[in-house]
Amino acid sequence: MAYTITLIPGDGIGPEVTDAAVRVLEATGVEFHWELAFAGDRAQDMYGTPLPNYLLDSIRRNRVALKGPITTPVGSGFRSVNVALRKELDLYVCLRPCKSYPGAPSLYPDVDIVVVRENSEDLYMGIEYRRETPEAARLVRFIAEESGDRVKEDSSFSIKAISQSASRRIVQYAFEYARANGRRKVTAVHKANIMKYTDGLFLSTASEVARDYPDIEFETIIVDSLCMQLVRFPQRHDVLVLPNLYGDIVSELCAGLIGGLGLAPGANIGDDIAVFEPTHGSAPKYAGQNKVNPMAMMLSGVLMLRYLGEKEAADKVENSIAQVVVEGSSLTYDMKPDRNDPTVVGTSQVADAVIKKLRE
Ligand code: NAD
């Protein structure tokens, strides 16, 4: 029986990398029925909104989507279409594995880190007050009255809210993931020495949840110290669980360790819905040039196959990508030390090479 999947090509380089990933997924022999849906710039032009209801209905119905990156429209009602999509569908986990593949231009040969980023709150809730508005002035007064602290009157505000319930479910997810995937350690990342209430709550909740998983090692680390360690000894880390903002930043740091955004897949997961998409954005300057690396999108497809229980097909695609990387003759510019290397190929040629490996 074919899987019905909502397919969102996205903006910029999205349609090219999505097309490459779809071709590879179809070559596995697993059957898919793709339900095409548009978001972002294309949806804005077609329906007057970057996040149309029919797209949300399609994902709710099919429960699984494969999504290209979406450009955040400047000046629309949406702060970010991606953040709105995750919020609408309560996709509270952002899963971003970062693994070194031999032959990739990575700084280390042996990185295998899984970033589990909280996806629903923290500074990304979009609760902000612009300087010199009545709301900002009220906040300045409120803070002065409540705490005696003087905040400059020309300040803008972004509210950071972290709840016990959201912290609990993301840390539980990290431990369950570790257990299900044979991982040995979960590290909770925080800055609770400074943000005693928000990050303090995340940290104490994580320590509480960890007691239910005595089979998995647990440690905690301050985010700045983690960044230093990741650059020096990334091999020491396994599963990292982080609040939203740190998770966003640290997942790009980890992508940098393994050779860049072209190799960094991702998934946004809720209780019974999952949307698979690469970590990278829509890179508009490269749109339509058959130039960028489709591997992050393909590897997001690998995560989708695993989620669907198609382990064998997932392993085959991942191994085929790894072989193409190690052979080095069908790689995009970002995988080469010199981006003007005359042997670089385009997006669709990478898909051809991966499909050829799948069929060997
Ligand atoms: P970006 O990830 O689109 O691009 C940054 C740079 O990374 C590119 O210029 C390119 O050099 C490189 N890059 C990215 N993907 C690559 C690939 N597959 N192969 C080779 N090189 C690649 O980040 P940006 O320029 O900050 O954002 C562009 C737009 O994308 C913005 O509108 C942003 O909001 C959006 N965005 C969307 C998502 C998403 O849909 N999930 C995520 C991040 C950014």
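Here are a few things to note about the model shown:
- Where both bridge residues fall in the chain, DSSP classifies roughly 40% of the beta bridges as antiparallel.
- Normalised radius of gyration (Cα atoms, divided by 2.2 N^0.38 Å) for segment 1-108: 1.19.
- When the chain is treated as a GNM with alpha-carbon contacts under 10 Å, the residue of Q172, Q44, Q289 showing the greatest mean-square fluctuation is Q289.
- When the C-alpha to C-alpha distance is required to be over 26 Å, the pairs from K152/K196; K67/K357; K99/K316; K311/K356; K99/K311; K191/K336 that qualify are K191/K336.
- Axis of helix 198-210 versus longest Cα principal axis of the chain: the two differ by about 60°, to the nearest ten degrees.
- Highest-MSF residue in the chain out of Y124, Y213, Y92 [GNM, Cα springs under 10 Å]: Y213
- The Cys residues in the chain with no partner Cys Cβ within less than 4.7 Å of their Cβ are C94, C227.
- With respect to the chain, whose longest principal axis is taken over its alpha-carbon atoms, helix 311-327 is tilted by about 80°.
- Global geometry of segment 223-291, whether rounded, prolate or oblate, following the gyration tensor of its Cα atoms and the 1.5 cut on a/c: oblate
- The C-alpha atoms of the chain define a longest principal axis, and helix 223-232 lies at about 30 degrees to it.
- Each of E121, E153 was scored by other Cβ atoms within 10 Å of its Cβ. Arranged with the fewest first, they read E153, E121.
- Using the rule -39500 (n - 2.57) for each DSSP H run of four or more residues, divided by the residues of the chain, the 222 nm mean residue ellipticity is -13000 deg cm²/dmol.
- Overall form of the chain per C-alpha gyration tensor (a/c, 1.5; a/b vs b/c): prolate
- Across T343, T133, T18, mean-square fluctuation computed from a Gaussian network of the chain (C-alpha pairs under 10 Å connected) peaks at T133.
- Classified by the C-alpha gyration tensor, segment 255-360 has an oblate form. Its axis ratio a/c, with a ≥ b ≥ c, is 1.5 or above, and a/b does not exceed b/c.
Values in this text are rule-based calculations from the coordinates and carry no lab data. Predicted model only: the values in this text are computed from it and were never measured. Cβ coordinates were reconstructed from backbone atoms using ideal geometry, including for glycine residues, and neighbour counts include every protein chain displayed.
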